[in-house]
Amino acid sequence: MRVVAGSARGRTLVTPPGLATRPTSDRVREALFNALNSLGVLDDANVLDCFAGSGALGIEALSRGAAHVTFIDTDASARGAIMDNLVVVSGVGRADVRAQAAERFLADAARDEHRFDLVLLDPPYGFERWPSLLAAVTDVITGAAVVVMESDGAVEVPTDVGLEVTRSRRYGSTVVTFARPPGVDP
């Protein structure tokens with residue numbers, strides 16, 4: 001797995017051992033970040049990468065101009081891989097790696113009034129807590145933020161969480177869905 005574009009383009013990333021992490025393919029990352037780039041949300045963005053795994057999504061954001069990325073993962077080997085990858089791309093000073101469940105981090109961030117311009121959600125396939133996760137995400141995003149959901153199927157965004165789906169694409173067995181607060185241009 002490599003960084004697709006930006007300042008760290010071509011750098012090789014490591015993945016945690018075992019089958020607990022399912023890295024996003026280079027093809028999907030390229031399409032996802034080309035779309036984000038066209039929306040103009042990457043430059044100087046404050047990014048949250050939940051269920052970060054190897055950190056490939058957040059590292060791609062750093063490589064393409066994000067100011068800071070907070071990586072969240074409960075798995076120690078995943079956090080170790082993220083730290084190794086941050087060293088490879090010279091991103092250590094622009095990132096935090098947290099050992100928390102996504103929902104707990106979001107509750108703490110909302111209480112502390114921490115806000116993100118881009119939120120990357122890539123939970124394990126079969127994840128069933130999307131409604132509560134998305135409700136918690138809306139408490140930590142800026143008014144023009146983009147929330148990206150990666151899953152093995154379409155994610156139904158409840159109408160009461162304060163997000164509207166602006167784009168959804170299937171790439172093989174992966175579905176990538178973009179959502180934004182209502183009234184923000186897609």
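The values are calculated or read from the model by the stated rules, or taken from the named source; none is laboratory data. The shown structure was predicted, so the numbers you read here are calculated from the model rather than taken from an experiment. So basically every Cβ, Gly included, is an ideal-geometry build from the backbone, and we count neighbours across all protein chains shown. Ligands, DNA and RNA are stripped out before the accessible areas are found, and what is left, the full protein with its side chains, is counted by its heavy atoms. Shrake-Rupley method; radii C 1.70, N 1.55, O 1.52, S 1.80 Å.
Here are Thr138, Thr142: which of them is out of contact with any strand residue (DSSP E or B) (no Cβ under 7 Å at 6 or more places or on another chain) and either open to solvent by 40 Å² or more (accessible area, probe 1.4 Å) or not aliphatic (A, V, I, L, M) (or both)? Answer to the check: Thr138.
Within the range 59-113, if we keep just the residues that are without any contact (Cβ under 8 Å) to a residue 24 or more places away in the chain and of a type in the set (A, V, I, L, M), the residue that is nearest to Arg11 (Cα to Cα) turns out to be Val87.
Only a single item in (1) modelled with pLDDT of 90 or more; (2) under 16 Å from Val92 (Cα atoms); (3) not β-branched (Val, Ile, Thr) is not met by Ala8, and it is number (1). In the set (1) crowded, with 22+ Cβ neighbours inside 10 Å; (2) not in a strand (DSSP E or B), the condition left unmet by Gly80 is number (1). Across the range 138-154, the number of residues qualifying as under 25 Å from Arg111 (Cβ atoms) and not in a strand (DSSP E or B) comes to 3.
Inside the range 159-177, residues that are among the basic types (Lys, Arg) and in contact with a helix residue (DSSP H, G or I) (Cβ under 8 Å, 6 or more places away or on another chain) make up a count of 2. Residues in the range 143-171 that are touching a residue at least 40 places away in the same chain (Cβ under 8 Å) and either over 18 Å from Arg29 (Cα atoms) or of a type outside the set (Phe, Trp, Tyr) (or both): Gly143, Ala144, Ala145, Val146, Val148, Glu150, Arg167, Arg169.
For the range 13-33, residues that are open to solvent by less than 30 Å² (accessible area, probe 1.4 Å), assigned to a loop (DSSP other than H, G, I, E, B) and either at pLDDT 90 or above or among the aliphatic types (A, V, I, L, M) (or both) total 1.
Just so you know, in the range 155-186 the residues that are assigned to a strand (DSSP E or B) and charged (D, E, K, R) include one that is least open to solvent (accessible area, probe 1.4 Å), and it is Arg180. Among the residues of the range 179-186, is there at least one that is touching a residue at least 40 places away in the same chain (Cβ under 8 Å), over 15 Å from Phe51 (Cβ atoms) and of a type in the set (Gly, Ala, Ser)? Scanning the range 179-186 turns up at least one residue that is touching a residue at least 40 places away in the same chain (Cβ under 8 Å), over 15 Å from Phe51 (Cβ atoms) and of a type in the set (Gly, Ala, Ser).
The single condition among (1) surrounded by fewer than 15 Cβ atoms within 10 Å (Cβ to Cβ); (2) within 26 Å of Gly172 (Cβ to Cβ) that Ala56 does not meet is (1). Checked against (1) more than 16 Å from Met1 (Cα to Cα); (2) open to solvent by 40 Å² or more (accessible area, probe 1.4 Å); (3) outside any loop (DSSP other than H, G, I, E, B), Leu36 passes all but condition (2). Does Asp43 fit the bill of being within 16 Å of the chain's Cα centre (by Cα), open to solvent by 60 Å² or more (accessible area, probe 1.4 Å) and touching a residue at least 12 places away in the same chain (Cβ under 8 Å)? So Asp43 fits the description; yes.
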